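Since the structure comes first, as structure tokens, the remarks are kept for the end.
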Amino acid sequence: MAAGSGGVAIVGASLAGLNAAMTLRREGYEGPLTIVGEEPHRPYDRPPLSKEVLTGAWEPDRTFLPCDDDAIGARWLLGRRAVGLDVEARRLRLDDDSEESFPDGIVVATGAGPRLLPGPELAGVHVIRSLEDSVALAAALAAAPARVVVVGAGFIGGEVASACVSLGIPVSVVEAMPVPLAPVIGEELGAIVTEIHRRRGVDVRTGVGVRRLEGDAEGRVSKVHLDDGGAIVAEVVVVGIGVEPRTGWLADSGLDLGGGLVCDETGLAAPGIVGAGDVVARPSRRYGGVRRVEHWDNAVRQGQHAARRLLAGPEAAVEFDPVPWFWSDQHGLKLQLIGSARGAEEVRIVKGGLDDEFLLALYRRGDRLSAAFGIECGREVIASRRLIAKDATWEEATATYV
Ligand SMILES: Cc1cc2nc3c(=O)[nH]c(=O)nc-3n(C[C@H](O)[C@H](O)[C@H](O)COP(=O)(O)OP(=O)(O)OC[C@H]3O[C@@H](n4cnc5c(N)ncnc54)[C@H](O)[C@@H]3O)c2cc1C
């Protein structure tokens, strides 16, 4: 693409969208740039929303991402939602029924939204995706509730439980799977993370789902009823049962929306339409299949890649398939996962263990290192990333840590 005059639109004013915008300019795109964001805010960072903002360690304003207006030179349409896309015409429809074409391309970076529990809306039931969600939950925690129940023992649920412990609030976590996090880090490591929670006083209930939430006469949540007939009295409930890609607005576009906005290995959904961040489902040569990655690092890199993909045109398009990296902070410990542990045939803890509260676990798929999970093992996790990136054999990887 030439330096550009037709205009590019970025839909989704968050981490992936911001990185796409900065990269377009850095790589020389001079045409008009429009950023459409449903939220009223400039881009902010979500990881602190379930960590520092909840405990009060950070004022919410600290989450805003550095945003150099002069360098980006964009028209920001904030508090506005895209409601339709004509792929052929590269035309967006917004929630006020206005339409505009962007001949140089459109970046779809609309992220993901939290899954909710079925049933009537009750006060005191929270999710955490937006700044407002986090501020509301932080206020609820600051009121020192008698007990918080977290539904779902994923990474976000674990962080909320950790925030409760640090604030001295009794907390229960209810998880339908027998071992929390088993699909992500395997049963052995899932059990270790669960035990870390229990040792800090978190009441973790596993292998039991939530049947329904009960409200009081004022419409406030009062009890969580479980599948096994039990119930937990709760003043605050936090639902952390995963997210769904925000593709509803693309329903009539004709794009493939199976499991997210399906892009090819270079990030293209259709000519002139690229995707970035949590919304994208893409093939992975490294791990096989089509997958969606909900990690901060992926949103940054894929935002940058999407911009380059638009500028490069088909002949210069390159594959996007980095080694995934995710972190989570719980009970003062840094948990990190590099690669993908799904489908691992062997897991080996090569350093530390539960009682040390630091460890490094390696995952084997075939004769290759497929993933590494670390607790307080930053240097080793970075070293593992290099090993996975160069497709190291299991033998080489395990020998590294003897
Ligand atoms: C509470 C929390 C904690 C996290 N902690 C970690 C962590 O510790 N480590 C880690 O690696 N990752 C973490 N993540 C994940 C990480 O924050 C996400 O991967 C990242 O935010 C994805 O960025 P994104 O730009 O793709 O999507 P999002 O950040 O979801 O942004 C998408 C934006 O698009 C907007 N939008 C949606 N539809 C439309 C539309 N039709 N029109 C206009 N705008 C629209 C949305 O309102 C939103 O602002 C966390 C996420 C959350 C929610």
- Could we say that residue 291 is more than 13 Å from the ligand (Cβ to nearest atom), surrounded by fewer than 20 Cβ atoms within 10 Å (Cβ to Cβ) and within 15 Å of the chain's Cα centre (by Cα) here? yes
- Across the stretch 116-141, the tally of residues that are within 12 Å of the ligand (Cβ to nearest atom) and either basic (Lys, Arg) or not in a helix (DSSP H, G or I) (or both) stands at 5
- Item | Among the residues listed as 302, 336, 330, the single one being among the polar types (S, T, N, Q), at pLDDT 95 or above and farther than 19 Å from residue 181 by Cβ | 302
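Matching residues to (1) within 16 Å of the ligand (Cβ to nearest atom); (2) among the polar types (S, T, N, Q); (3) out of contact with any Pro (no Cβ under 9 Å at 6 or more places or on another chain):
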residue	(1), (2), (3)
333	yes, no, yes
337	yes, no, no
349	no, no, yes
356	no, no, yes
360	no, no, yes
- Item | Among the residues listed as 174, 279, 193, 224, the single one being within 30 Å of residue 92 (Cα to Cα), of a type in the set (A, V, I, L, M) and buried (at least 22 other Cβ atoms within 10 Å of the Cβ) | 279
- In the stretch 57-82, residues that are surrounded by 12 or more Cβ atoms within 10 Å (Cβ to Cβ) and either in contact with a Cys (Cβ under 8 Å, 6 or more places away or on another chain) or modelled with pLDDT of 95 or more (or both) total 17
- Message: Give me the residue from the stretch 9-33 that is within 11 Å of the ligand (Cβ to nearest atom) and not in a helix (DSSP H, G or I) and, out of that set, nearest to residue 62 (Cα to Cα).
- Response: 14
- the stretch 294-324, subset small (Gly, Ala, Ser) and in contact with a strand residue (DSSP E or B) (Cβ under 9 Å, 6 or more places away or on another chain), residue farthest from the ligand (Cβ to nearest atom): 317
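Listed here are the residues, each with its yes/no results for (1) buried (at least 19 other Cβ atoms within 10 Å of the Cβ); (2) in contact (Cβ under 8 Å) with a residue 24 or more places away in the chain; (3) touching a helix residue (DSSP H, G or I) at 6+ places or on another chain (Cβ under 9 Å).
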{"residue": "119", "(1), (2), (3)": "no, yes, no"}
{"residue": "134", "(1), (2), (3)": "yes, yes, yes"}
{"residue": "146", "(1), (2), (3)": "no, yes, no"}
{"residue": "214", "(1), (2), (3)": "no, no, no"}
{"residue": "217", "(1), (2), (3)": "no, no, no"}
- Item | Condition broken by residue 274, with the remaining ones in (1) out of contact with any Cys (no Cβ under 8 Å at 6 or more places or on another chain); (2) buried (at least 17 other Cβ atoms within 10 Å of the Cβ); (3) in a strand (DSSP E or B) satisfied | (1)
- Item | Members of the stretch 95-115 found to be more than 11 Å from the ligand (Cβ to nearest atom) and either touching a Lys or Arg at 6+ places or on another chain (Cβ under 7 Å) or assigned to a strand (DSSP E or B) (or both), listed by number | 99, 100, 101, 102, 103, 105, 106
- Message: I'd like the full set of residues that are more than 16 Å from the ligand (Cβ to nearest atom) and in a loop (DSSP other than H, G, I, E, B), limited to the stretch 142-158.
- Response: 143, 144, 145, 146, 147
- Item | Tally, over the stretch 361-402, of residues that are part of a loop (DSSP other than H, G, I, E, B) and loosely packed, with under 14 Cβ neighbours inside 10 Å | 5
- Query: Any chance the stretch 337-359 includes a residue that's more than 26 Å from residue 192 (Cβ to Cβ) and surrounded by fewer than 22 Cβ atoms within 10 Å (Cβ to Cβ)?
  - Reply: no
- Query: residue 259: within 16 Å of the ligand (Cβ to nearest atom) and either surrounded by 14 or more Cβ atoms within 10 Å (Cβ to Cβ) or within 30 Å of residue 391 (Cβ to Cβ) (or both), yes or no?
  - Reply: yes
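The values are calculated or read from the model by the stated rules, or taken from the named source; none is laboratory data. Here the structure is a predicted model, which is why all the values come from computation and not from measurement. In this analysis, Cβ positions are derived from the backbone assuming ideal geometry, glycine residues included, and neighbour counts consider all displayed protein chains.
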